[in-house]
Structures are given as C-alpha cells and as structure tokens.
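Taking it in order: structure first as structure tokens, then the write-up.
The values are calculated or read from the model by the stated rules, or taken from the named source; none is laboratory data. On a predicted model such as this, the values are computed, not experimentally measured, just so you know. All Cβ positions, even for glycine, are placed from backbone atoms using ideal geometry, and neighbour counts span all protein chains on display. We work out accessible area using only protein heavy atoms, side chains counted, and drop any ligands, DNA or RNA first. Shrake-Rupley method; radii C 1.70, N 1.55, O 1.52, S 1.80 Å.
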Amino acid sequence: MLKSLLATLLLILPPTLAAQTAKPVAPATTPPPQVVLRTSQGDITLELYPDKAPKSVANFLQYVRDGFYDGTLLHRAIPGYLVQGGLYTRDLQPKRTRSAVASEADNGLSNLRGTVAVARGADPNSGTAQFFFNLVDNRRLDFVGNQSGLTWGYTVFGKVIKGMEVVDKIAALPTRPLGPFAGDVPNPLVLIESAHVVGEETPAPAASVAAPATAASTPTRPAAAKPGKKAASKG
C-alpha cells in the first residue's frame, strides 16, 4: 500500500513542479499596420498608430480598403509646413465621404516632421478623409486644451517610414491657383494612383462620387496663420 502511494506521488510531482517553474509564453504582438501610397511622384509608406489613435487609424484604413484614395490628389503643398490631400479628384472635385470621426488630438503625439495627421474644419470633430504630412516640427498644431478648435490641435495617427524624400519633392514643386483653391496646388498635379495596406490584397478601385463642396471636409490652409499662432482648420 505504501509503495503504491509513493509511486503515485512520484508520478504526480514532476508535472506539478514543471508547471510551477515553466516561464509564461509572451503573447505575440501584432505589428502596426502599414499603408503604401503610390503617387505620381513616387511611393510613400506610412506606419500607423492604432494604440494612440484607434478611431483615426480605423477610419483611414477603411478609406484605403475601399479604394477611396485611388485617383485623388495631394492637392496642397506649402514648403516648410505641410503637404495635404485625400479628398479631391484630378478634376479637383470633392468626393463624398463617410461621417466624421471624433478628434484624438490629445493622444500625446506631436506634429513632428514626417508624421501624418487628420485634416479637419473648425470643429475638432470634423475630420473625414483628408490628411496631411508635416514637413517640419509643427508643434503649434498639437493639442493644448479643449477650449476651442485652435487649441484642440490636429490628430497625429501615423508617420512616414519610407519615402519622405518623395514628400519633400512634392513640397518643392511649383504651385498655382486652380479650381476652388487660391494657391498651393502643385504643378504638375500629384496623383495618388493607389493606396493599399501592406500584406493585404489591393482593393478594386471604387467609383468616384462627387459631392457638393459644402458637403465635403476641406481642411483650411494652416499656413494662413502667422508664425507662432495656431493654424486654422480647413481650406
């Protein structure tokens, strides 16, 4: 009887000790999503921050997967400030967008050179499809407080990890007034030929649906602000 009990304990003990001493397996981390914008001036690869700006990233990725950006322009280039796009067709007609997303500008991220942010109107929560690349450290576009649209800032949701020289090349193009814009339209026009999420199949191009300019989000020209002042929103 005693020998049988000892044998049973010996059989049970090793697995128990193994369970106590085994190191926990760290959960696999999901790499941040990346998006490639293929433009008429070259490719730009973005890395997104879903942990810091989940709503903005999900919104941007949905537009990419829908093929919304295919055939749209980077319609505004302001040297030493930003390059903006994501709404207008090559005919400078605005496309119909989905509902706006809530601002996440208070996520602790700064509008530093190479980052990508949500373009919006005077209402902080009016961002839709448009985005802009920061050409320099635009800290005056960061969240300061929720007192007004000026202090609210602009939501950073990603950064350029490859192709910043393409963004700089676009910014260096001559500009002109064209369509609804009084200036800052690159010449020649810079087309986003396609956009896709890295590792996913490229979606079929979606049909462009023009919308009245009043119904579309057209972020205002931040460069209109004097140095040291908060930029205005859309334009």
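Amide H contacts of T39 (H built 1.01 Å from N, in plane; Pro and chain starts excluded): I44, E193 sit under 5 Å, all sequence-distant by 5 or more or on other chains.
Taking 0.36 nm per residue of separation and subtracting the Cα-Cα distance, full extension of the segment from D51 to R90 would add 10.7 nm. A Förster radius of 35 Å, combined with the Cβ-Cβ distance separating Q62 from T175, puts the computed FRET efficiency at roughly 0.70. Here the spin labels are modelled as points 7 Å beyond Cα on the Cα-Cβ line, and at R113 and A182 they lie 2.9 nm apart. Solvent exposure of S40, expressed as accessible area, is near 50 Å², computed with a probe of 1.4 Å over the protein chains only. Sorting E193, E47, E165 by solvent-accessible area of protein heavy atoms yields E165, E193, E47, largest first, with a 1.4 Å probe.
Average accessible surface for the stretch 124-170: 40 Å² per residue, computed with a 1.4 Å probe over protein heavy atoms with every protein chain in place. Cross-link partners for K52 among the aspartates and glutamates, with Cα-Cα distance under 17 Å and sequence neighbours closer than 8 places in the same chain left out: E104, D106, D142. These residues, T29, T89, go from largest to smallest accessible area, 1.4 Å probe, as T29, T89. Measuring nothing but protein heavy atoms, the accessible surface of the stretch 132-188 at 1.4 Å probe radius is 56 percent carbon and sulfur.
The residues packed around V185, meaning those with a beta-carbon under 10 Å from its beta-carbon, carry a net charge of +1 if Lys and Arg are +1 and Asp and Glu are -1.
Label-to-label distance for L189 and K162 is 2.8 nm, based on points extended 7 Å past Cα in the beta-carbon direction.
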